[in-house]
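FYI, it's all coordinate maths here, none of it is from the lab. Note that the structure is a prediction, hence the values are computed from the model and not measured. Note: ideal-geometry Cβ built from the backbone for every residue, glycine included; neighbour counts use all protein chains shown.
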Amino acid sequence: MSSHTGFAGRTYVVTGSASGIGAATTALLRERDATVIGCDLCDAEIEADLSTPDGRQSMIDQVNEYGPIDAVLAIAGGGKTGLLETNYFGAVATLQGLRPLLARSPAPRAVAVSSTSSLAPANERVVQACLDGDEPAAVALLEADPAMGGTAGAYGAAKRGLNRWVRRVAPTSEWAGTGIALNVVASGVVDTPAASWIFADEAVRNAVETAAPQPFGGFPGRPEWVAELICWLSSADNRFVTGQVIFADGGAEVAAVGDRQWQ
Ligand SMILES: NC(=O)c1ccc[n+]([C@@H]2O[C@H](COP(=O)([O-])OP(=O)(O)OC[C@H]3O[C@@H](n4cnc5c(N)ncnc54)[C@H](O)[C@@H]3O)[C@@H](O)[C@H]2O)c1
């Protein structure tokens with residue numbers, strides 16, 4: 001039996017369960033006697049492509065067939081194509097689409113996974129189109145922006161939008177009002193397939209580490225270090241934390257931002 005409290009008997013939906021942070025989170029939850037319904041492109045209980053509206057709906061329909069759930073962890077992300085579609089619209093559709101089922105749990109919890117990339121300047125019109133729920137407009141605006149239309153621009157805008165969406169909805173009657181804690185875990189660079197392009201080339205690795213040092217824990221971090229925080233936030237033991245964007249990043253965010261928000 002697990003010595004961890006707040007997990008046994010609970011059912012978790014984990015997107016991105018087949019690899020990296022999602023796989024590490026799934027492993028920790030199962031060790032702690034939780035049931036996990038994994039969702040991914042393949043190698044998961046539910047196979048669906050969250051970059052498309054049809055794939056998102058298929059995932060929601062399949063989860064509803066499973067029955068009651070206690071937590072939704074929107075971890076699927078990264079990627080080389082469809083970055084805005086998966087990292088913003090896929091995550092928001094997962095959380096919104098499963099919210100009614102989740103609200104029936106006695107201790108409902110949700111977590112979205114973002115990134116320190118959300119700290120980078122983003123095309124604010126793209127972010128606004130995301131928050132407006134206008135996927136075609138967001139994608140078109142991004143493609144029309146030569147400075148921000150590349151992979152990094154799309155990814156940063158998606159994660160920035162995700163942080164802002166959670167900050168907007170978490171305190172509302174639909175979320176906090178129905179007892180659902182909804183938080184963001186913003187990851188620093190951790191050793192997963194999504195980040196392998198950073199470690200494949202020594203010069204790239206050095207440039208990324210120099211631009212965003214991780215003074216606590218090291219560069220890169222381990223996926224299970226991020227997974228531990230996701231697990232606690234989504235456990236029944238989390239009774240008082242919601243609407244927070246918490247950086248699990250070896251200190252990258254605090255090194256970059258310092259005490260500015262408190263001035
Ligand atoms: N690894 C890092 O350094 C890092 C840093 C910041 C944030 N993140 C975030 O952490 C999350 C997990 O990434 P990871 O590093 O574990 O990467 P990973 O590639 O190891 O795992 C991501 C998983 O998401 C799945 N996925 C991707 N697109 C999907 C889609 N359209 N539909 C369904 N599933 C899809 C992949 O198949 C994969 O199994 C992502 O949201 C990523 O943006 C990672």
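One table, with the values for the structure above:
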| quantity | calculated |
| --- | --- |
| Fraction of the pair-distance distribution of the range 197-259 above 16 Å, Cα-Cα pairs, percent | 57 |
| Packing rank of 110-117, 218-225, where each peptide gets the mean count of other beta carbons within 10 Å, highest leading | 110-117, 218-225 |
| Local electrostatic count at PHE216 - Lys and Arg +1, Asp and Glu -1, tallied over other residues with Cβ under 12 Å | -2 |
| Pairwise Cα inverse-distance average, inverted: Kirkwood Rh of the chain (Å) | 18.4 |
| For the range 116-263: rounded, prolate or oblate by the Cα gyration tensor [a/c cutoff 1.5] | oblate |
| In nm, spacing of pseudo-spin labels at ASP61 and ALA144 (7 Å Cα→C-beta vector) | 3.4 |
| Inter-label distance, nm, simple model (7 Å from Cα along the C-beta direction), ALA207/ASP43 | 2.9 |
| Helix-derived mean residue ellipticity, 222 nm - over the chain, DSSP H n ≥ 4, -39500 (n - 2.57), to 500 | -12000 deg cm²/dmol |
| Cα shape, the range 135-204, gyration tensor, a/c 1.5 rule | oblate |
